[in-house]
Amino acid sequence: MRSLKNGFLLLAALCLIRPVLGLDQAAIKFSHVPNHFPAQADNQPLGPAHGGAAVDAAGNVYVSTDTPRGILVFGPDGKYLRHFGPAMIHGLHLQREADGEYLYAARPSAHEVVKLKTDGTSVWTMAYPQEADLYSNPNEFNPTNVVALADGTIFVADGYGKNFIHKFDRDRKYVKSFGGPGSNPAEEGKFHRCHGLAVDTRGPKPLLIVCNRESGRVEQWDTDGNLVKILARDLRMPAAAHVAGDYVAIAELQGRVTVLGKDNKIAAQIGDNPTAAQRANFGLEPAQWTEGVCNSPHGIAFDRKGNLIVSEWSKFGRVLKFTVAR
């Protein structure tokens, strides 16, 4: 944690200002690393992919796919290492706990969330919360993301289902549900696709970051289920978020990544795709891809050095790395 903090202090000290509307004075610059991840891993395509990205303490990158290989693992150098676990994982969250690192994952088509060891061993599986009295059958529960706090509290976003976020204690006992479906865009306190979750550790106590996707908003909620503030509006379908140091990275499905600084103003916008037809385009052929330009960012994670890993919603699978300027 100390190295991550020091890295972001260095990043802030060496920041570069870009002339982007709304950019704050803690602006930073990222550069794309061409061909960092292979187009094929072990002679097989990466995709189709509709999942997330996570990075462990050693710098290994985990990318979930809809292929039989499930989660693909790459080394810090981008080389393919192995695969494990179930397929059809949507949201992916890596948690460092007292006895090791774990992956929390949402599987909407299987109507469940799971906890895995980083070798693929299953720790537990959790189905829909019957106690919430919101579901008439298990198939109505289609979770898009799951995160855990340091104390073990679990939050599950049912973004493809009822549009509630469910809270569970460390023993997976149901506590409460909050949010619920709204219009388009949703009124404040409601969701129109609560798609992505992240834990916001930038303040004195942990908060939740929620990607209210079709509403174009990224929001901050407290852990009791109360809306605290809107961090950003008018985003292009924010799908996922990740927090490191003072920064929040947001994967926008419609061809862009936005990074917010400590004051929640825009510090960087990365890989902005100027071609609307290529944004959120699952079947976009690799021949139409442009280096350093995003098509359909869906999963996102900082590594320990402050670099960004972006996984895309893609029939073929695409993973990008952007290094932070120092």
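The values are calculated or read from the model by the stated rules, or taken from the named source; none is laboratory data. No experiment lies behind these values; they were computed from the predicted model shown. FYI the Cβ positions are ideal-geometry reconstructions off the backbone, even for glycines, and counts take in every protein chain you see. To get the accessible areas, we keep the full protein, side chains included, count just its heavy atoms, and leave off ligands, DNA and RNA. Shrake-Rupley method; radii C 1.70, N 1.55, O 1.52, S 1.80 Å.
Listed values, structure above:
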{"quantity": "Distance violations [Cα-Cα > 23 Å] among LYS115/LYS176; LYS115/LYS167; LYS176/LYS229; LYS162/LYS315; LYS115/LYS190; LYS29/LYS315", "calculated": "LYS162/LYS315; LYS115/LYS190; LYS29/LYS315"}
{"quantity": "Residue-span extension gain [GLU101 to GLU187] - 0.36 nm each, minus C-alpha spacing", "calculated": "27.3 nm"}
{"quantity": "Stokes-Einstein D in µm²/s, Kirkwood radius over Cα pairs - segment 53-119 at 25 °C with 0.890 mPa s viscosity", "calculated": "205 µm²/s"}
{"quantity": "Accessible heavy-atom area order of ASP200, ASP234, highest first, probe of 1.4 Å", "calculated": "ASP234, ASP200"}
{"quantity": "Per-pair calculated FRET efficiency, R0 = 41 Å: ALA325 and SER109 via Cβ, rounded to 0.05", "calculated": "0.55"}
{"quantity": "Debye, to nearest 20: dipole size of the chain, +1 on Lys, Arg Cβ, -1 on Asp, Glu Cβ", "calculated": "640 debye"}
{"quantity": "Range in the chain, longest, excluding exposed GluC sites (Glu not before Pro) [loop by DSSP; at most 14 other beta-carbon atoms within 10 Å]", "calculated": "1-186"}
{"quantity": "Carbon and sulfur %, accessible surface of the chain computed with the full protein complex present, 1.4 Å", "calculated": "49 percent"}
